[in-house]
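For reference, the structure discussed in these notes is given below.
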Amino acid sequence: MRIGRRLGTALGLLPLMGTAWAAQPPPPPQTPRQAAQTDFTGTWVAQVNEDWRHRMRTAPVGDTESVPLNAAGRDMTKNWSLDADNAKGDQCKAWGAGGIMRQPTRVRVSWTDDNTLKFEMDSGTQTREFHFGAAQPSGDRTLQGYSIAQWMRPPPAAAGPALGQQLGLPGRNAPRSATPAAPPSNQRGSLKVTTTNVLPGYLRKNGVPYSDKAVVTEYFDRFSAYGSDYMEVVTVVDDPTYLVLPFVVSSQFKREADDSKFSPTPCRTDPPVKRGVQ
Amino acid sequence: MKHMKTHCASVLALLAIATNPGLVHAQAVRGTFPLMDVVGDWDPPGGGGFPGAVQQHEEVQDRGAGPDGGDFAGLPLNEAAIYRARAHSPQWLTVPENQCRLHPVTYQQRAPGGMSIVKIYDPVTEKLVAYKVTGNYSLPRTIWMDGRPHPGPYAPHTYEGFSTGKWVDDRLVVETSHIKAGYVRRNGVPTSDLARMLEYFVRHDNYITINSWVEDPIYYTEPLFRTTDFKAAFRVNTQLIEAFGGTQDGGPGATFYKCTGIDELDVAVGRIPSYLPTQEEDESETFSRLYDIPLRAAFGGADTMYPEYMQPLRALGSYKRGVVSSLFANPPPSWVQPSREAPVAPDAGVTTQHVKGKVWAITVGGQNTVVQVGDEGVLVVDPGSQEHGAAVLAEIRKIAGNKPVRQIIYTSGDASRIAATPLINTPIKPDGQVANIISHESVGLALGRARAASEMIPTDTFFRGERAIYFNDEPVEVIHTPGVHSTADVMVFFRESGVLVTGAVLPGVTYPHINLEDGGSIQGTVDVLNRILSITVASWHGQGGTMVVPGQGRLYDEGDVAEYREMVTLIRDRVADAVKKGRTLDQVKAARMTRDYDARYATASGPTSTATFTEAVYRSLKAKPAKAKG
């Protein structure tokens, strides 16, 4: 009986508690830059130790090894011609959002403003901008498309007060600071980037295609290992036009002390190798 | 009543969440929160079914049917690694000791198929003890989460290694040590037993990526960083095999059987298929030739994985035949190992570990003494050097209490193995007996000639192939093993315990000391190693089972002995080939045919230095017609 009374009282108080919490001044909002729990700024160099022959060389025409293409995609690859691309001014199709992180490249990362993280690639002289919290504007499709970014670990303010605080329970309910008590590590959370509005491009230099309907989802992380800093990006390309299922690869980068080796070069695809040289 | 209160609080909490729009919003934001566990069944990105599916989206040859010979491009290998990988033959898998080996942890995540990760909880405390990772044609792997330390420097190594993990924010960070020599790619790109690995397991939505760094001071000029992606397997797997793309009726995932090596080829026992340095055309050029990649680039090196290599790659042009020898005669700068700290720091400490059954190993200053303890007393194999005698005796007392030392066995007459005997061989109270000392007869003769202390003189010698005693309810075989280090060498096999003590014939941490003046030869060394392998029996996929205590260093098992035998055999075959072709000793030395093993096994000076070992191999092969390979 006593329990029933207590429960009734507590239930009666609940709307008031919710109102009380809503009435509290919200913690000051953080910009995405302030909320960043991983610092990607700096210069990174690709470590091409996977799929080397597809990335450092141009694989043979028709070589679609390990890409889950449909028949249309395979046909596109078989009929790919470097000369035709060059003639049309399409030299940079392998440097679009769906394929650029696989290029042997250096990446210079900086904040354009509090809401925009910029990735500059020296290979192909390409720039990608990752926009936080912004809706995708309508506009022309571009090689790099339009990228929306989010920290996968939400900023502390977004999580709201602790449950105990909301319930008004005694103890351990001190107001939560917008800034974590301990300084954040610079490599705690992943960065998720979703890119749409892309022009058709190549997953690989030898004309393995993705279409303008492709959605490129990327997850960036930073790690420390054996005295060096590394960045890794998982790239998931989902394309209803040429792929039977999402194409998933992950690419590795090592941090450099400065950008002295960052050297922009134009898009350049070497002629495809010929198989079976004797 | 207490339970009612708890329930009441839970109801309140749920209602508060449900009635508070702000909190609901916060939870919605948390819907993208990636702090999710790693448990579950995981498929390659292309799915779990083998037939016809594009399972792997990168490194498909390495992770699927198998890489081409010579595909080392983009790997930060030094000259030693490339030399060794280039010698690799696919027939290596026919060696009986290799047939049952599953992939080492340095390759595990790259193998075909998926994986299953489960949690192990302590049934009493209900705390997380470990994650268990199974799959990928590899041994089940335990990642300890309970804070236990890594084993000591002389503990056995396994193919799966010893892994500890901790959660750092939303990543599972795993450190692995004690890994057996293995590979990172199935075409022979090696890892040494000094390799270690760091991994970050990271989940993103329905994907998990394992970021791994393999650090190997013997073979890599910088850590090898690779990433492997899996996606959640949204299906119910009721058998382990189903998690790897197999079917319940025994599909291609059915690999986790009890395996026994068999004779696959009608070749001599101990033959190790390999490519010789003088073979210009071989398997290692497959990749280079097939994809028209210059061999220099195909063979790898750290420079080949960075963007600036595009320029020299273009300048190198196409594949050309016949450049292997010139490459190894003038290795590119990137193949040179940067100077680092010594891979193994000299250890002056004392380590005691239980090997198996009644047998213990005491390691002092890197040198091994073995003790068997039972109701009859203590048996000591190789009491050790005079310098270390007191430490060895102290360890014996910790293991055996006041039990008397009744048997001592010398595996050779080296002072470093037996000089501590007078400290250990003290009269047994109350009857004043001393220990029975067993050795090959030649040790007794030599000590007698040297007028050694009476407590050191063997009392029980033999000159035929074997001597056996029964002690502590266990047959103990003393096996004569001449042909390597001295005519006096013996091994000791504890039959019940399943422990073989090799003494100097298998030093473990250095090249073998081939003593030509006392009957040693490279062929004798190979024969003794093959004999060791005829005694050992692995318990599970090429490891465990019979344990081997080498003369120095960490504990071995069959897999380690097979690795050591492979090293000795490959060097024999290379030098034999050179002898057959009429090369002089200077030419053989200049060819540096041991370069893939020097950093691991060569000492700076003495009989196990590169120069002296190479000379011993050469001279012993030159002394009689070179034995044909195989």
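The values are calculated or read from the model by the stated rules, or taken from the named source; none is laboratory data. These numbers were taken from a predicted model, which means no experiment stands behind them. Here the Cβ positions follow ideal geometry from the backbone for every residue, glycine too, while neighbour counts run over all protein chains shown.
Data overview
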| item | result |
| --- | --- |
| Hey, B:Y159 touching a Leu at 6+ places or on another chain (Cβ under 9 Å) and closer than 27 Å to B:E97 by Cα or not | yes |
| Residues located in the stretch A:251-278, provided they are within 11 Å of chain B (Cβ to nearest Cβ) and free of Cβ contacts under 8 Å to residues at least 40 places away in the same chain | A:G276, A:V277, A:Q278 |
| Positions within the stretch A:222-245 being over 15 Å from the mean Cα position of the chain (by Cα), buried (at least 20 other Cβ atoms within 10 Å of the Cβ) and either part of a loop (DSSP other than H, G, I, E, B) or more than 7 Å from every other protein chain (Cβ to nearest Cβ) (or both), in sequence order | A:D239, A:Y242, A:L243 |
| Residue count, the stretch B:213-237 (criterion: out of contact with any Gly (no Cβ under 7 Å at 6 or more places or on another chain), more than 9 Å from chain A (Cβ to nearest Cβ) and either surrounded by fewer than 23 Cβ atoms within 10 Å (Cβ to Cβ) or assigned to a strand (DSSP E or B) (or both)) | 8 |
| Selection status of B:P190, touching a residue at least 60 places away in the same chain (Cβ under 8 Å), part of a strand (DSSP E or B) and not basic (K, R) | yes |
| Condition broken by A:L203, with the remaining ones in (1) within 11 Å of chain B (Cβ to nearest Cβ); (2) out of contact with any Gly (no Cβ under 9 Å at 6 or more places or on another chain) satisfied | (2) |
| Which listed residue is farther than 21 Å from B:P550 by Cβ, surrounded by 20 or more Cβ atoms within 10 Å (Cβ to Cβ), aliphatic (A, V, I, L, M) and in contact (Cβ under 8 Å) with a residue 24 or more places away in the chain, from B:A420, B:A435 | B:A435 |
| Count of residues meeting criterion [under 16 Å from A:L191 (Cα atoms), away from chain B (no Cβ under 14 Å) and in a strand (DSSP E or B)] in the stretch A:95-136 | 11 |
| Checking B:H513 against (1) part of a loop (DSSP other than H, G, I, E, B); (2) of a type outside the set (A, V, I, L, M, F, W, C); (3) surrounded by fewer than 21 Cβ atoms within 10 Å (Cβ to Cβ), the condition it does not meet | (3) |
| Filter pass, B:S163 being crowded, with 23+ Cβ neighbours inside 10 Å, part of a strand (DSSP E or B), in contact (Cβ under 8 Å) with a residue 24 or more places away in the chain and away from chain A (no Cβ under 14 Å) | yes |
| Verdict on A:V193 being modelled with pLDDT of 95 or more, assigned to a strand (DSSP E or B) and within 13 Å of another protein chain (Cβ to nearest Cβ) | yes |
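Per-residue answers, yes or no, for (1) in contact (Cβ under 8 Å) with a residue 24 or more places away in the chain; (2) within 27 Å of B:D216 (Cα to Cα); (3) in contact with a helix residue (DSSP H, G or I) (Cβ under 8 Å, 6 or more places away or on another chain); (4) not polar (S, T, N, Q):
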| residue | (1), (2), (3), (4) |
| --- | --- |
| B:V336 | yes, yes, yes, yes |
| B:Q353 | yes, yes, no, no |
| B:K358 | yes, no, no, yes |
| B:L379 | yes, no, no, yes |
| B:P383 | yes, no, yes, yes |
| B:E395 | yes, no, no, yes |
| B:I399 | yes, no, no, yes |
| B:S416 | yes, no, no, no |
| B:N425 | yes, no, yes, no |
